[in-house]
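Shown next, in structure tokens, is the structure this report addresses.
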Amino acid sequence: MNQISKWIIYTIVALFLLAVPFIMSEFFTTMMVRVLYFSLMAVAFAFLASQIGLVSLAIPAFLGLSGYTIAILETREIMFFPYSAMAAIVVVLFVSAVFGIFANRSKGIYFIMLTLILGQIIWAVARQWASVTNGVNGLIGISTPDAMQFNVFGANVGFYYVILFTFVLIVWAVLALTRSSFGMKLKGIRESESRMIMLGYRVSRLKWVAFVISSLVAGIAGVFFVYFVGVMHPSAIDLDSSAMVLIAGIFGGVYSIIGAVLGMSIVQTLEVVLNAYTQRYLIIIGIMFLLVVIYAPKGLMGLIYKNKYMKSLYDKWYKGRKDS
Amino acid sequence: MSESLLSVENLNAYYDKAHILQDVSFQVNPLERVAILGRNGMGKSTLFKSILGLEKIRREGDVYLNGHNVMNKETFETANLGVAYVPQGWQLFPSLSVDEHLQIAHTPHAGEHEWTPDSVYELFPEIKARKKVSGTKLSGGEQQMLAIARALVRNPWLILMDEPSEGISTFVIERVIEVCQHMAERNVSLLLVEQNLDLALRAAQKVYILVNGRIVYTTSTEDFKEDKESQIHYLGV
């Protein structure tokens, strides 16, 4: 695909996204907001998986940490936006920094298990420390900050534009990071930690930085989640949420940031659309997931990149990988 | 502790209960090129891994690099004391291009003899032509050149080369010898383990013979070239 066609597609997508609140229904705009904050979790997941080959099941836990921090601070009237959001990000950074020290000593299945445990600990705390988190009833009444409720052409679409702008900025930053010297080092670690160590790199520190960056992205998703939904509940960070991020990542393609966003968009859309017809929508998503794993192990993005016009992108992301 | 660039003193290494290296001692002085020769399974590669602290090898004794005892250091700290490693089988990164291999390894150096990706491309024009190609898609000889280039751009004081002649053509072996011979001009010393006697004798100035994990013989390459009896006795050539 040449540069001109690429920019034409980018422009059409950008114009469509900007016009969504005016040309589409309110339901669609709401759906877009939901897709965008969940996609931030998918980006956090795909960043770790694609760059250093670590599959983290703790992504929703960081969304929860951030969301609960805001919910607790605001419902108790301790502080409000933007300070509550800043405090939430600080908490996410602190917990991910501490947990990253332990998690980065492991890899493969042990890393998955450790992150699963972290997710479950945070879920259990949210559920059982009722005096602070209000347990299974959750914390309600968190209102959207005024700064996110501005009008555009008379329509109250501020929240949509704030999350869209943040989303684009984060995806751009993460993609830039993957193409930077830091991203190159992470790829080196993914392929051989010992070779990177021999090149003089403190591999554990680089992995730790990547883990904290991923957690930060999930934490930002938490800020939008809590302000949009207005409720913080343990079900937002349970095992199903971890599974949803994992399924979305594999659906779209774990080696691609864009693929993870695509996967999350499809999973979220299917969840909402199928839910209108059947309570057993998860079975259908499960079957589709199975088909993708069997017939397109590199996810939908792998299939798209296999198109002859996308060959250079396919080579860039998949060629040379140990498992390609 | 000595003034040598690398000083290995009574080094013992064990794989579980197997005693692989037994009281190995030797030195590499600044700007010196040293070869460790030995047949297969004598502990040559284990010697490098023990010096660098690679893999989980139990080791005893002392290894001084630039005056620092590296026995209690992490491998990356040892590497940052000015040692670069050209491993057996090259061990390149499949998803990184030739250029990215050099960028990732490049460690700027304040001295006048800094190796940069551009200067190693001058040394190995063969890989310059394939800058954008994945490192592991190169021919065996080109991969060896890239592995050496990757070590050079770290601007080390000492390069450890593990069997550089393995799996490459005579032409590339000649290139490797040429590069080794000119290392001193760029303030780089060399420690080589090799089975290819011709390469070792032409690339190095001093020879240590390793037999069953022990250094049993030390001489200059000039003397060893003439000593056919020792060549047959220790190396069977």
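The values are calculated or read from the model by the stated rules, or taken from the named source; none is laboratory data. Predicted model, so just to flag it, every value in this text is computed and none were measured. No Cβ is skipped: glycine too gets one built from the backbone with ideal geometry, and neighbour counts run over all protein chains shown.
Observations
- Residues located in the range B:183-230, provided they are of a type in the set (S, T, N, Q) and over 18 Å from B:G43 (Cα atoms): B:N187, B:S189, B:Q205, B:T219, B:S220, B:T221, B:S230
- Single residue of the range A:216-234 satisfying the filter (under 21 Å from A:T75 (Cβ atoms) and of a type in the set (V, I, T)) that is farthest from the other protein chains (Cβ to nearest Cβ): A:V231
- Given (1) surrounded by 14 or more Cβ atoms within 10 Å (Cβ to Cβ); (2) modelled with pLDDT of 90 or more; (3) not small (G, A, S), index of the condition A:N104 fails: (2)
- Subset of the range A:185-215 [among the aliphatic types (A, V, I, L, M), more than 12 Å from every other protein chain (Cβ to nearest Cβ) and over 10 Å from A:F47 (Cβ atoms)]: A:V209, A:V212
- Residue in the range A:14-26 that is part of a helix (DSSP H, G or I), more than 19 Å from A:W172 (Cα to Cα) and of a type in the set (V, I, T) present: yes
- Among the conditions (1) in contact with a strand residue (DSSP E or B) (Cβ under 7 Å, 6 or more places away or on another chain); (2) modelled with pLDDT of 90 or more, A:Q149 misses just one, which is (2).
- Looking only at residues in the range B:94-113 that are among the small types (G, A, S) and more than 7 Å from chain A (Cβ to nearest Cβ), the one that is surrounded by the most Cβ atoms within 10 Å (Cβ to Cβ) is B:S97.
- Close contacts from the range A:188-214, counting a first residue that is over 14 Å from A:R105 (Cα atoms) and touching a residue at least 24 places away in the same chain (Cβ under 8 Å) and a second that is hydrophobic (A, V, I, L, M, F, W, C) and surrounded by fewer than 23 Cβ atoms within 10 Å (Cβ to Cβ), with Cβ to Cβ under 6 Å and a gap of 6+ residues or different chains, come to A:V212/A:A97.
- Of the residues making up the range A:159-184, those that are surrounded by fewer than 17 Cβ atoms within 10 Å (Cβ to Cβ), within 14 Å of chain B (Cβ to nearest Cβ) and part of a helix (DSSP H, G or I) are A:R179, A:S181, A:F182.
- The lone exception for B:T116 - which of (1) surrounded by fewer than 16 Cβ atoms within 10 Å (Cβ to Cβ); (2) touching a Pro at 6+ places or on another chain (Cβ under 9 Å); (3) closer than 23 Å to A:R190 by Cα it fails: (3)
- Residue satisfying condition, being at pLDDT 95 or above and not β-branched (V, I, T), within set A:A130, A:A173, A:A155: A:A173
- Checking each residue in the range A:80-94 for being over 16 Å from A:L63 (Cβ atoms) and not hydrophobic (A, V, I, L, M, F, W, C) picks out A:P82, A:Y83.
- Here the condition is being assigned to a helix (DSSP H, G or I) and buried (at least 20 other Cβ atoms within 10 Å of the Cβ); of A:S56, A:S39, it holds for A:S39 alone.
- Residue match in the range B:76-92 (condition: surrounded by 21 or more Cβ atoms within 10 Å (Cβ to Cβ) and over 30 Å from B:R130 (Cα atoms)): yes
- Any strands (runs of 3 or more DSSP E) falling wholly within the range B:1-93 and containing at least 2 residues that are within 12 Å of chain A (Cβ to nearest Cβ): B:83-86
- Yes/no for A:L303 being at pLDDT 85 or above and in a helix (DSSP H, G or I): no
- Meets criteria (basic (K, R) and more than 23 Å from the chain's Cα centre (by Cα)) for A:R195: yes
- Scanning the range B:134-147 for residues that are within 14 Å of chain A (Cβ to nearest Cβ) and not hydroxyl-bearing (S, T, Y) turns up B:G135, B:K137, B:L138, B:Q143, B:L146, B:A147.
- Selection within the range A:147-176 - over 18 Å from A:V20 (Cβ atoms) and in contact (Cβ under 8 Å) with a residue 40 or more places away in the chain: A:A147, A:I170, A:V174, A:L175
Residue-by-condition table, conditions (1) free of Cβ contacts under 8 Å to residues at least 40 places away in the same chain; (2) at negative phi:
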| site | (1), (2) |
| --- | --- |
| A:F27 | yes, yes |
| A:M31 | no, yes |
| A:G53 | no, no |
| A:G67 | no, yes |
| A:V90 | yes, yes |
| A:I101 | no, yes |
| A:N104 | no, yes |
| A:I112 | no, yes |
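- A:V212, sole failed condition from (1) at pLDDT 90 or above; (2) at positive phi: (2)
- Qualifying residue in the range B:117-125 (condition: farther than 16 Å from B:V86 by Cα, touching a helix residue (DSSP H, G or I) at 6+ places or on another chain (Cβ under 7 Å) and modelled with pLDDT of 90 or more): yes
Conditions tested, residue by residue: (1) closer than 24 Å to A:Q120 by Cα; (2) in contact with a His (Cβ under 9 Å, 6 or more places away or on another chain); (3) in contact (Cβ under 8 Å) with a residue 60 or more places away in the chain.
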| residue | (1), (2), (3) |
| --- | --- |
| A:D238 | yes, no, yes |
| A:S242 | yes, no, yes |
| A:A248 | yes, no, yes |
| A:F251 | yes, no, no |
| A:S256 | no, no, yes |
| A:S265 | no, no, yes |
| A:L274 | no, no, no |
| A:Q279 | no, no, no |
| A:I284 | no, no, no |
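- Whichever residue in the range B:1-52 is polar (S, T, N, Q) and crowded, with 22+ Cβ neighbours inside 10 Å and, among such residues, is farthest from B:Q195 (Cα to Cα): B:S50
- Pick from the range B:157-171, criterion farther than 23 Å from B:E185 by Cα and either at pLDDT 85 or above or not acidic (D, E) (or both), ranking: surrounded by the fewest Cβ atoms within 10 Å (Cβ to Cβ): B:T170
- From the list B:R130, B:R150, B:R186, B:R154, the one residue that fits, being within 14 Å of another protein chain (Cβ to nearest Cβ) and surrounded by fewer than 20 Cβ atoms within 10 Å (Cβ to Cβ), is B:R130.
- Here A:V226 meets each of (1) in contact (Cβ under 8 Å) with a residue 40 or more places away in the chain; (2) crowded, with 23+ Cβ neighbours inside 10 Å; (3) out of contact with any strand residue (DSSP E or B) (no Cβ under 7 Å at 6 or more places or on another chain) with one exception, condition (3).
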